[in-house]
Amino acid sequence: MPKRQNIQNGRMIEIQATRNNLLYVNKMAVEITDSNFTEVAINSDKPVMIDFWAEWCGPCRMVTPIVEEMAHDYAGKAVVGKVNVDENPDVSAKFGIRNIPTIIFLKGGQVVDKSVGAVPKNVLTEKMEALL
């Protein structure tokens with residue numbers, strides 16, 4: 001995929017161009033949107049971890065590096081993605097997201113686990129490992 005650089009929130013990020021409606025940010029976590037949610041999450045043959053977040057959310061910023069690490073750790077084994085709740089209200093409403101960060105785990109298109117609030121990596125890793 002061709003790569004391009006972009007400035008987002010005052011920092012340079014590398015974006016690999018879209019492929020099949022998926023936008024890969026920072027090469028790891030998939031940006032999940034209202035338009036690609038079914039393809040990425042529901043139709044996935046792998047376990048899916050989705051971080052619901054917003055730019056203005058302090059605890060979300062604490063979780064972001066963990067989500068990116070997990071995207072790297074589970075590359076090829078699971079889908080790790082992020083949903084910006086301000087930009088994707090349909091997906092957020094579908095799961096009744098009222099507090100962020102909220103991380104949901106899907107298997108076979110169904111929610112099988114959930115974590116609300118900033119949690120350490122080992123908690124999320126345990127939940128992911130249970131799905132593999």
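For the stretch 82-92, give me the residue count where each residue is part of a strand (DSSP E or B) and surrounded by fewer than 21 Cβ atoms within 10 Å (Cβ to Cβ).
First, pick out the residues of the stretch 82-92 that are part of a strand (DSSP E or B): 82-84.
From what's left, surrounded by fewer than 21 Cβ atoms within 10 Å (Cβ to Cβ): 84.
Number satisfying all stated conditions: 1.
Give the residue that is farthest from the chain's Cα centre (by Cα), with candidates limited to residues of the stretch 108-132 that are hydrophobic (A, V, I, L, M, F, W, C) and part of a strand (DSSP E or B).
Of the stretch 108-132, the ones hydrophobic (A, V, I, L, M, F, W, C) are 111-112, 116, 118-119, 123-124, 128, 130-132.
Remaining after also requiring part of a strand (DSSP E or B): 111-112, 116.
Numbers: VAL111: 14, VAL112: 16, VAL116: 14 Å.
Selected residue: VAL112.
Run down PHE95, PHE105 and say which single residue is more than 11 Å from the chain's Cα centre (by Cα), of a type in the set (Phe, Trp, Tyr) and surrounded by 14 or more Cβ atoms within 10 Å (Cβ to Cβ).
Working: PHE105 fails: more than 11 Å from the chain's Cα centre (by Cα).
Among PHE95, PHE105, only PHE95 is more than 11 Å from the chain's Cα centre (by Cα), of a type in the set (Phe, Trp, Tyr) and surrounded by 14 or more Cβ atoms within 10 Å (Cβ to Cβ).
Output yes when any residue across the stretch 109-119 is in contact with a Ser or Thr (Cβ under 9 Å, 6 or more places away or on another chain), hydroxyl-bearing (Ser, Thr, Tyr) and over 16 Å from ILE32 (Cα atoms), and no when none is. Spell out the reasoning first.
Narrowing the stretch 109-119 to residues in contact with a Ser or Thr (Cβ under 9 Å, 6 or more places away or on another chain): 109, 114-117.
Then drop every residue that is not hydroxyl-bearing (Ser, Thr, Tyr), which leaves 115.
Then drop every residue that is not over 16 Å from ILE32 (Cα atoms), which leaves 115.
Within the stretch 109-119, one or more residues are in contact with a Ser or Thr (Cβ under 9 Å, 6 or more places away or on another chain), hydroxyl-bearing (Ser, Thr, Tyr) and over 16 Å from ILE32 (Cα atoms).
Of the residues that make up the stretch 66-81, is at least one surrounded by fewer than 21 Cβ atoms within 10 Å (Cβ to Cβ), in a strand (DSSP E or B) and aliphatic (A, V, I, L, M)?
Within the stretch 66-81, not a single residue is surrounded by fewer than 21 Cβ atoms within 10 Å (Cβ to Cβ), in a strand (DSSP E or B) and aliphatic (A, V, I, L, M).
Being part of a strand (DSSP E or B), among the charged types (D, E, K, R) and modelled with pLDDT of 50 or more is the filter here; which residues of the stretch 1-58 pass it?
Listed by number, the residues that qualify are GLU31, ASP51.
Applying the selection to the stretch 93-102, what residues are hydrophobic (A, V, I, L, M, F, W, C) and in a helix (DSSP H, G or I)? Step through it out loud before you land on a result.
Within the stretch 93-102, the first condition is being hydrophobic (A, V, I, L, M, F, W, C), and the residues that meet it are 93, 95, 97, 100.
ALA93, the sole residue that qualifies.
Among (1) at pLDDT below 95; (2) within 15 Å of PHE37 (Cα to Cα), there is one condition VAL85 misses while meeting the rest; what is its number?
Single failed check for VAL85: (1).
The values are calculated or read from the model by the stated rules, or taken from the named source; none is laboratory data. Given the structure is predicted, the values throughout are model-derived calculations rather than measurements. Methodologically, a virtual Cβ is constructed for each residue, glycine included, from the backbone with ideal geometry; neighbour enumeration extends over all protein chains shown.
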